[in-house]
Amino acid sequence: MKGYPISKAVKTFGHNFAFAFLCNVCVISNMVFFLYFNRYLEELGANAAQIGLYMGVLAFGSVVVRPLVGTAIDKYGRKRLIFCGIALMILATIGYFFCRRLNWSILVVRMLHGVGFGCYITGIFTVITDDAPSTRRAKVIGVFGLSGMSTYAALPAVAEYIIAHLGFQVLFALALIFLLIALFFASPLRERGPLGIEFPPNPFLMLLSQADLLIPVGSLFFYCTGVGALLNFIAVYLAPRDISISYFFVASSTAGAIVRLFLGDLADVYGRRRVALPAFAAGCIALFWLGLFENRWELLAGGFLWGTGIGFAVPAVAASVVDRVKPQDRGKGLALFTASFDLGVMAGSFAYGIVAALIGYSQMYLVAASVMLLAVGLAFFSGTGKTNS
């Protein structure tokens, strides 16, 4: 009887889950540290529009590589893409040590960082969904997402201490160490995806003609324009108020953990659309709140609402995408899902950097919340889709 809970967990989450979870903690730790790269850019003399450009080019690199990644991951395997992605991120992180002026070298490093992350995140998500039973898919994806949420809760305070007392070079060094540890945790991952399968000439592009797939992906894009506004500008937005971003991310991570651990089955039981629709709406309200808050308690409340929304939304949309593609196309489907996420972040970074330069960060968040309403509209028209489990 003692072995039953463990065997049940393995059946639900798969043998790869623990190693993938720890690997993702390390990789996302690297990404969290670079949330503060906007402050480094500010020290170099960048304005809001330039910050948006330099921050957003990472997402651009992540997006442009997805068609190749989507095909390669189903044909050559998940693990190769994971290692390739981490290796490119290591090279990029080393490159940050040499970024001392606002010039093209920062664009190259950020682009390389994004390409590496695009390879990695598609691979690791596909490893997780390969093992997940179709009836618990949203639950598994949601719990796996806690690996990222936990780092957003724990590391901002660490990063701020390092920046204040040791400097950005030490921050870059610690970010590099996390990636080296990630390689260790990626090594035991088992390859379970389809290998050596022949595909049509343009398999990734064929997914773009699948209308029922574009609805959840399109909803995620508009939602993630708000994510781009949040991630790329919150540090510089809160700095003049002498408020740490930890307040927001601890609250959002706490809410996300509650949602994913105790309510993660809702999208599997009641349907993806019924869960995604109010989740998108919660994100809109939270971002609007962020533009108007006046004290730390209100920031905590906004963070909690944001974490609740994204805690439901991302697993529901990811599961919806996997439902709509054939098993042998799962890697391409998740490449499209993660590309939509990053494309939204990129668009938000580029566009809202210009908006912030014109009207300020507070008003920028009000505009971003309004644009996110398009995600609610698309989700409203989303059907159940076809399941290919």
Query raised in the report: With respect to the numbered conditions (1) among the aromatic types (F, W, Y); (2) crowded, with 21+ Cβ neighbours inside 10 Å; (3) over 22 Å from the mean Cα position of the chain (by Cα), which one is the sole condition not fulfilled by W297?
Result: (2)
Query raised in the report: When only residues in region 82-97 that are in contact (Cβ under 8 Å) with a residue 60 or more places away in the chain and within 27 Å of A347 (Cβ to Cβ) count, which is surrounded by the fewest Cβ atoms within 10 Å (Cβ to Cβ)?
Result: Y96
Query raised in the report: Quick one: how many residues across region 201-213 are assigned to a loop (DSSP other than H, G, I, E, B) and either of a type in the set (A, V, I, L, M, F, W, C) or at pLDDT 75 or above (or both)?
Result: 2
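Which of the residues that make up region 119-167 are among the aromatic types (F, W, Y) and closer than 24 Å to V250 by Cβ?
Step one: filter region 119-167 for residues among the aromatic types (F, W, Y), giving 120, 125, 144, 152, 161.
Answer for region 119-167, where residues must be among the aromatic types (F, W, Y) and closer than 24 Å to V250 by Cβ: F144, Y152, Y161.
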Query - Filter pass, F312 being under 17 Å from I285 (Cβ atoms) and modelled with pLDDT of 95 or more - result: no
Requested in this report: Determine if region 242-258 includes at least one residue that is within 20 Å of P133 (Cα to Cα) and among the polar types (S, T, N, Q).
Outcome: no
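Look through L305, L277, L290, L261 and report the one residue that is within 23 Å of A339 (Cα to Cα) and part of a helix (DSSP H, G or I). Walk me through how you get there before you give the answer.
Values: L305 fails: within 23 Å of A339 (Cα to Cα); L290 fails: within 23 Å of A339 (Cα to Cα); L261 fails: within 23 Å of A339 (Cα to Cα).
Just a single option satisfies the conditions, and that option is L277.
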Requested in this report: Answer yes or no: is there a residue in region 110-131 that is more than 29 Å from V322 (Cα to Cα) and surrounded by 23 or more Cβ atoms within 10 Å (Cβ to Cβ).
Outcome: yes
Report summary line: Requiring at least 1 residues that are within 30 Å of F262 (Cα to Cα) and at pLDDT below 90, the helices (runs of 4 or more DSSP H) wholly within region 92-200 are 104-131, 137-165
**Report entry** Subset tally (residues that are free of Cβ contacts under 8 Å to residues at least 40 places away in the same chain and over 17 Å from the mean Cα position of the chain (by Cα)) for region 276-285
**Finding:** 2
Query raised in the report: Which condition number in (1) more than 23 Å from G348 (Cα to Cα); (2) assigned to a helix (DSSP H, G or I) is the one that F249 fails?
Result: (1)
Query raised in the report: Within the bounds of region 353-365, is there any residue that is in contact with a Gly (Cβ under 7 Å, 6 or more places away or on another chain) and free of Cβ contacts under 8 Å to residues at least 24 places away in the same chain?
Result: no
Query raised in the report: Can you name the residue in region 16-75 that is of a type in the set (A, V, I, L, M, F, W, C) and not in a helix (DSSP H, G or I) and, of all such residues, is surrounded by the most Cβ atoms within 10 Å (Cβ to Cβ)?
Result: V65
Requested in this report: Take region 311-327 and flag every residue that is outside any loop (DSSP other than H, G, I, E, B) and farther than 17 Å from V140 by Cβ.
Outcome: R324
Requested in this report: Would you mention how many residues in region 262-273 are of a type in the set (A, V, I, L, M), surrounded by fewer than 21 Cβ atoms within 10 Å (Cβ to Cβ) and in contact with a helix residue (DSSP H, G or I) (Cβ under 7 Å, 6 or more places away or on another chain)?
Outcome: 1
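The values are calculated or read from the model by the stated rules, or taken from the named source; none is laboratory data. Quantities reported herein were computed from a predicted structural model and do not represent experimental measurements. Glycine gets a Cβ as well: all are built from the backbone with ideal geometry, and neighbour counts include every protein chain shown.
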